[in-house]
Structures are given as C-alpha cells and as structure tokens.
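Undergrad: So that we are looking at the same thing, I have put the structure below in structure tokens.
The values are calculated or read from the model by the stated rules, or taken from the named source; none is laboratory data. On a predicted model such as this, the values are computed, not experimentally measured, just so you know. Ideal geometry is used to build each Cβ from the backbone, glycine not excepted, and the neighbour counts take in all protein chains shown. Just so you know, the surface numbers come from the protein's heavy atoms only, side chains and all, with ligands and any DNA or RNA stripped out. Shrake-Rupley method; radii C 1.70, N 1.55, O 1.52, S 1.80 Å.
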Amino acid sequence: MGATKTNLFTKQQNEIAVMAKALAHPARIAILQYLVKKNACVCGDLVEELGLAQATTSQHLKELKTAGIIQGSIEGASVCYCINPIVWKQYKELFNTFFKDVDLQASCC
C-alpha cells in the first residue's frame with residue numbers, strides 16, 4: 001500500500017481524521033456510550049454488554065486506547081477502562097469546530 005501523504009494536510013485535518021477513524025465502528029461507539037453512561041472504570045462488563053467475542057471487544061478497546069480516547073488500568077487479572085477526559089475534550093472541541101465552521105445554505109444538488 002502506498003504512502004498516505006498526510007503531510008499534504010493541516011495538523012487539524014490530520015487530527016480529525018485520526019479521531020474519526022478511531023470512532024469509525026459501531027462497536028466502538030457502543031463502548032464509548034457505555035463508558036460515558038457508567039462514568040467510572042469498567043472491568044469485564046463490556047463483552048457481556050456488547051455481545052461480541054472477547055477477542056473482538058479487546059481489539060476495539062485497543063483501537064480506542066491507541067487513539068487515547070480511553071485509558072486503562074490493570075487490576076489483578078483484568079483491565080479496567082474509562083474515558084480519558086483530556087482527550088475526550090479535545091475530540092469534542094475539534095469536532096465542534098469542524099462542524100461549526102460549515103455554513104450550509106441550500107442544497108447545491
């Protein structure tokens with residue numbers, strides 16, 4: 001696969017793209033909604049909540065953790081996850097700016 005040429009785009013465009021990619025699966029959205037609803041560290045409940053295999057859930061958690069939107073801590077044999085408030089705020093601000101800057105009038109098509 002070729003280079004992505006991300007250097008052709010602004011820092012903000014690249015940040016939004018990375019964030020959007022991290023959110024680009026319904027399972028990840030469900031995980032985030034569950035963590036936001038619980039507003040606490042969650043250990044082990046996610047597999048049961050999502051109805052997905054442990055390995056699949058772990059892969060989605062890994063993607064969200066790599067993007068920084070969640071954080072995890074090891075407690076015994078399990079890993080507990082919660083929303084990373086600093087990164088959550090960054091996501092919110094970037095997406096709000098992105099959507100706010102668009103002033104669509106009538107449809108062009």
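Undergrad: Under the rule of at least 5 residues apart or a separate chain, name every residue whose amide H is placed under 5 Å from the amide H of Asn84.
TA: It is Ile70, Gln71, by chain and number.
Undergrad: Which three numbers, in whole Å and largest first, are the semi-axes of the equivalent ellipsoid of the chain derived from its Cα gyration tensor as √(5λ)?
TA: Details: eigenvalues 178, 55, 41 Å².
Semi-axes (√(5λ), whole Å): 30, 17, 14.
Undergrad: Can you give the angle from 0 to 90° between the axis of helix 11-23 and the longest principal axis of the chain, with both taken from C-alpha atoms, to the nearest 10?
TA: Here the helix axis deviates by roughly 40 degrees.
Undergrad: So how tilted is helix 85-100 from the main axis of the chain? Cα-based, degrees 0 to 90, rounded to 10.
TA: Helix 85-100 and the main axis of the chain meet at about 30 degrees.
Undergrad: At 4 °C and 1.567 mPa s, grab the translational diffusion coefficient of the stretch 43-92 from Stokes-Einstein with a Kirkwood Rh over Cα pairs, rounded to a whole number in µm² per second.
TA: After rounding, the answer is 113 µm²/s.
Undergrad: Kindly express, to the nearest 10 degrees and within the range 0 to 90, the angle between helix 26-38's C-alpha long axis and the longest C-alpha principal axis of the chain.
TA: 70
Undergrad: Separate question: Using the Cα centre of the chain as origin and beta-carbon charges of +1 (Lys, Arg) and -1 (Asp, Glu), tell me which of Asn14, Phe99, Val87 is placed farthest towards the positive end of the dipole.
TA: Among Asn14, Phe99, Val87, the one farthest towards the positive end of the dipole of the chain is Asn14.
Undergrad: Of all accessible surface on the chain at a 1.4 Å probe, what whole percent is carbon and sulfur?
TA: Details: 4560 of 7920 Å².
Carbon and sulfur atoms account for 58 percent of the accessible area of the chain.
Undergrad: For the chain, what is the charge dipole size about the Cα centre, in debye to the nearest 20, if Lys and Arg each add +1 at the Cβ and Asp and Glu each add -1 at the Cβ?
TA: I would put it at about 220 debye.
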